[in-house]
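The values are calculated or read from the model by the stated rules, or taken from the named source; none is laboratory data. Remember, it's a predicted structure, so these values are computed and weren't measured experimentally. Counting neighbours? That spans all protein chains shown, and the Cβs are built from the backbone with ideal geometry, glycine included.
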Amino acid sequence: MYRSLFARDAIAELDRLQREMSSWFDASPSIRGFARGGYPALNVGATSQSVEVYAFAPGMDPAKIEVNLDRGVLTLAGERPAAAPSASDEKTTLHVNERFAGRFRRVISLPDDIDPQAVTANYRDGVLHISIQRKAASQPRRIEVQ
């Protein structure tokens, strides 16, 4: 899709802004976070041994990302600084600003069989990987028939 960087038709630009704003309100938040458009983008998966969460947050200082696990709810929070030129400079005109900047908070409900004492979080190449082990009692095991 072609999108001009310089608005030539004010009515078309207002129509585009209205469609964009209405799409923001379509994503209703829930305990599992935003269905789309939230920052950081998340991939959440599970194996029989663990729950794996990947948060895509390039350019973040890992020390400034808060990761909390409380009663089966994982919370990621922090603030991403603006990287765009300052809009207050009268010589700067910002035409497109699609990079998220500001405070963020993502909340993920987890299954009941996780072990809150067995959690690891690693940040590498802009990806925060959180691994939460499941309790040993809930792991599948083979029972020998005698």
Discussion item. When the residues of the range 96-107 are narrowed to those that are in contact (Cβ under 8 Å) with a residue 60 or more places away in the chain and within 22 Å of Gly59 (Cβ to Cβ), which ends up surrounded by the fewest Cβ atoms within 10 Å (Cβ to Cβ)?
Written reply: Val96
Response to the item:
Picking from Thr75, Thr120, the residue that is surrounded by fewer than 13 Cβ atoms within 10 Å (Cβ to Cβ), β-branched (Val, Ile, Thr) and assigned to a strand (DSSP E or B) would be Thr120
Worksheet item: For the range 79-100, how many residues are modelled with pLDDT of 85 or more and either farther than 20 Å from Leu42 by Cα or in contact with a Pro (Cβ under 9 Å, 6 or more places away or on another chain) (or both)?
Response: 1
Discussion item. Testing Ala10 on (1) of a type outside the set (Asp, Glu); (2) surrounded by fewer than 12 Cβ atoms within 10 Å (Cβ to Cβ); (3) more than 26 Å from Ala118 (Cα to Cα); (4) at pLDDT below 65, one condition comes back false. Which one is that?
Written reply: (4)
